[in-house]
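Working notes, beginning with the structure itself.
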Amino acid sequence: MGRSNAPSTPASTTFHSRRSTPSTPVAARMPADLHELLMPPDAARRMLAFFQPDGA
């Protein structure tokens, strides 16, 4: 049995890995940022202000 000449990693996988790697740290920070946004005591007031920017 001979070895295949096919690459061990398909080009599409390598391309996808290169494209997604820079965004991985950004995606990892998103839950922490959301947690910081929603946990302070004034979170409800700030959320309401966000959706009612005119002070209505």
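Okay, residues lined up against (1) at pLDDT below 75; (2) open to solvent by 80 Å² or more (accessible area, probe 1.4 Å); (3) of a type in the set (A, V, I, L, M); (4) touching a helix residue (DSSP H, G or I) at 6+ places or on another chain (Cβ under 9 Å):
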residue: GLY2; (1), (2), (3), (4): yes, no, no, no
residue: PRO22; (1), (2), (3), (4): yes, yes, no, no
residue: PRO25; (1), (2), (3), (4): no, no, no, no
residue: ALA43; (1), (2), (3), (4): no, no, yes, yes
residue: ALA49; (1), (2), (3), (4): no, no, yes, no
*What are the residue pairs meeting all of these: first residue in segment 28-39, first residue in a helix (DSSP H, G or I), second residue open to solvent by less than 90 Å² (accessible area, probe 1.4 Å), Cβ atoms under 7 Å, and 6 or more apart or on different chains?*
LEU37/ALA43
*Consider PHE15 against the criteria (1) modelled with pLDDT of 70 or more; (2) within 24 Å of the chain's Cα centre (by Cα); (3) surrounded by 10 or more Cβ atoms within 10 Å (Cβ to Cβ); (4) not hydroxyl-bearing (Ser, Thr, Tyr): it satisfies all of them except one. Which criterion is unmet?*
(1)
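The values are calculated or read from the model by the stated rules, or taken from the named source; none is laboratory data. In this text the structure is predicted, and so the values were computed from the model without any measurement. Counting neighbours? That spans all protein chains shown, and the Cβs are built from the backbone with ideal geometry, glycine included. Protein only, heavy atoms only, side chains kept; ligands, DNA and RNA dropped before computing areas. Shrake-Rupley method; radii C 1.70, N 1.55, O 1.52, S 1.80 Å.
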